[in-house]
Amino acid sequence: MTIFYLIRHGEPDWHTYKPLNLKGNGRDLVPLTAEGERQVQAAAGDSRLKDAGLILSSPYTRAMQTAAILSRRLDLELKVEYDLREWQPDLTFEYDSEERMRELRDDYNRSGGAYPDGERRLWESRSALLRRINGVLERYSDRGKVIVAGHGTLFGTLIGRADIALAEIVEYDPEADAE
């Protein structure tokens, strides 16, 4: 049995991408702020992370930076898993503003993450998101204790919470969740 310790990335520096007018997932390249780095340093001292055997990370910069800090502090191997990326608000990767991203997220939330009957949306469905994150976790289900650095909506969908704080650690036991 494996217990996963989901840690949301630290505070991202959104100001780094705004002057570049990046579209879609270009905004996923932002690093952590100095405060975000401090948040993760503090989280690295959490006793629940002791004796973990591996760190998995989303490929987005803020999550990889979070995982790198944890890896250095805990002296653990780090693997990047593409399917740990954040929920996709626009599967065409064309959204061009935070306002548009919020509109898509609000539509996702109003719909409960499911496309209305007979309709398609730009955003990734809840079922598709869960399929990809569970696919990753299943591959590491024999590792005992695994740290996973990722994102609020991704983890929130998995555990049924929308309020995961920056650098918060949440224990996730897939076997207990299946009951």
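Quick rundown of the values:
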{"read-out": "Residues of segment 89-106 that turn out to be in contact (Cβ under 8 Å) with a residue 60 or more places away in the chain and buried (at least 17 other Cβ atoms within 10 Å of the Cβ), as a count", "value": "2"}
{"read-out": "Residue in segment 106-133 that is farthest from residue 59 (Cα to Cα), counting only those that are of a type in the set (Ser, Thr, Tyr) and part of a helix (DSSP H, G or I)", "value": "108"}
{"read-out": "Residue list for segment 158-179, restricted to those being part of a helix (DSSP H, G or I) and either without any contact (Cβ under 8 Å) to a residue 40 or more places away in the chain or over 14 Å from the mean Cα position of the chain (by Cα) (or both)", "value": "174, 175, 176, 177, 178"}
{"read-out": "Filtered residue count, segment 107-157, keeping only those that are crowded, with 21+ Cβ neighbours inside 10 Å, in contact (Cβ under 8 Å) with a residue 60 or more places away in the chain and not aliphatic (A, V, I, L, M)", "value": "4"}
{"read-out": "Single residue of 46, 28, 13 found to be within 19 Å of residue 168 (Cβ to Cβ) and at pLDDT below 95", "value": "13"}
{"read-out": "Residue that is more than 19 Å from the chain's Cα centre (by Cα), over 21 Å from residue 157 (Cα atoms), outside any helix (DSSP H, G or I) and modelled with pLDDT under 90, where the choices are 94, 99", "value": "94"}
{"read-out": "Which numbered condition residue 75 fails, given (1) on the phi > 0 side of the Ramachandran plot; (2) in contact with a helix residue (DSSP H, G or I) (Cβ under 9 Å, 6 or more places away or on another chain)", "value": "(2)"}
{"read-out": "Residue 73 vs. criteria surrounded by fewer than 17 Cβ atoms within 10 Å (Cβ to Cβ), out of contact with any Pro (no Cβ under 6 Å at 6 or more places or on another chain) and either of a type in the set (A, V, I, L, M) or under 30 Å from residue 142 (Cβ atoms) (or both)", "value": "yes"}
{"read-out": "Selection from segment 34-83 of residues that are of a type in the set (S, T, N, Q) and without any contact (Cβ under 8 Å) to a residue 24 or more places away in the chain", "value": "47, 71"}
{"read-out": "Members of segment 50-78 found to be under 15 Å from the mean Cα position of the chain (by Cα), in a helix (DSSP H, G or I) and of a type in the set (Ser, Thr, Tyr), listed by number", "value": "61, 66"}
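The values are calculated or read from the model by the stated rules, or taken from the named source; none is laboratory data. Here the structure is a predicted model, which means the values were calculated and not measured. A quick note on method: Cβ atoms are made from the backbone with ideal geometry, for glycine too, and the neighbour counts reach across all protein chains shown.
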